[in-house]
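Worksheet: one structure, shown below.
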Amino acid sequence: MAVTAKTRREVIARDESFCGWCGLYVDTASGQYSLQHRRARGMGGSKRMSTDLHANLVLLHGTGTTGCHGYIEAHRDEARERGFNLTQQLDPAAIPIGLKVHGVPAWALFDNLAGRRFITETAAFELLEQYGLAA
């Protein structure tokens, strides 16, 4: 499976063309960006339908080895604590993600219809703790 062009456009729109990790604008026309799979595709890709859906994707600067995406891959514990790096058994729609929105820290839940619902930091930490992701 692969992220469809429609899903890619919807995730970029949901994220308002801002990198979820650092909160800075992403020039998506340049091609210097990626969509991070919060729950990794794994070697050879995953056969799970939900792998390439909206809740599992977030817009980032760079590639898997550069920019914010590269940073996340190199700092997996920090990424896990912010909901950017999930294990295969977790449902990305149930796990909050610690974003930077226009440079301001915020916690949100993504759905698979390109929706984003902001929640309080307290609610986010309670969910992270419930799923064993809290620091």
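Do you know which residues across segment 1-16 are surrounded by 14 or more Cβ atoms within 10 Å (Cβ to Cβ) and either at pLDDT below 95 or in contact with a Cys (Cβ under 7 Å, 6 or more places away or on another chain) (or both)?
Of everything in segment 1-16, just one residue is surrounded by 14 or more Cβ atoms within 10 Å (Cβ to Cβ) and either at pLDDT below 95 or in contact with a Cys (Cβ under 7 Å, 6 or more places away or on another chain) (or both), namely 3.
Enumerate the pairs (first residue in segment 22-41 and within 13 Å of residue 8 (Cα to Cα); second residue anywhere and of a type in the set (A, V, I, L, M) and assigned to a loop (DSSP other than H, G, I, E, B)) with beta-carbon separation below 7 Å, excluding pairs fewer than 6 apart on the same chain, so at least 6 apart or on different chains.
Every condition considered, the pairs that remain are 33/26; 35/3.
Would you mind stating whether residue 114 is touching a helix residue (DSSP H, G or I) at 6+ places or on another chain (Cβ under 7 Å), in contact (Cβ under 8 Å) with a residue 60 or more places away in the chain, of a type in the set (A, V, I, L, M) and over 13 Å from residue 38 (Cα atoms)?
It is true that residue 114 is touching a helix residue (DSSP H, G or I) at 6+ places or on another chain (Cβ under 7 Å), in contact (Cβ under 8 Å) with a residue 60 or more places away in the chain, of a type in the set (A, V, I, L, M) and over 13 Å from residue 38 (Cα atoms).
Mind counting the residues in segment 40-60 that are in contact with a strand residue (DSSP E or B) (Cβ under 7 Å, 6 or more places away or on another chain) and modelled with pLDDT under 95? Talk me through it step by step, then tell me what you get.
To start, the set of residues in segment 40-60 that are in contact with a strand residue (DSSP E or B) (Cβ under 7 Å, 6 or more places away or on another chain) comprises 51, 54-60.
Going one step further and asking which of them are modelled with pLDDT under 95, we end up with 51.
Matching residues across segment 40-60 total 1.
Checking the condition modelled with pLDDT under 95 and of a type outside the set (Asp, Glu), which residue from 64, 70, 83 passes?
So the residue among 64, 70, 83 that is modelled with pLDDT under 95 and of a type outside the set (Asp, Glu) is 64.
Residue 98 fails exactly one of the following numbered conditions: (1) more than 17 Å from residue 37 (Cα to Cα); (2) of a type outside the set (A, V, I, L, M, F, W, C); (3) at pLDDT 95 or above. What is the number of that condition?
(1)
The values are calculated or read from the model by the stated rules, or taken from the named source; none is laboratory data. Keep in mind the model is a prediction, meaning the values are calculated, not measured. Please note: Cβ atoms are built from the backbone with ideal geometry, for glycine as well, and neighbour counts cover all protein chains shown.
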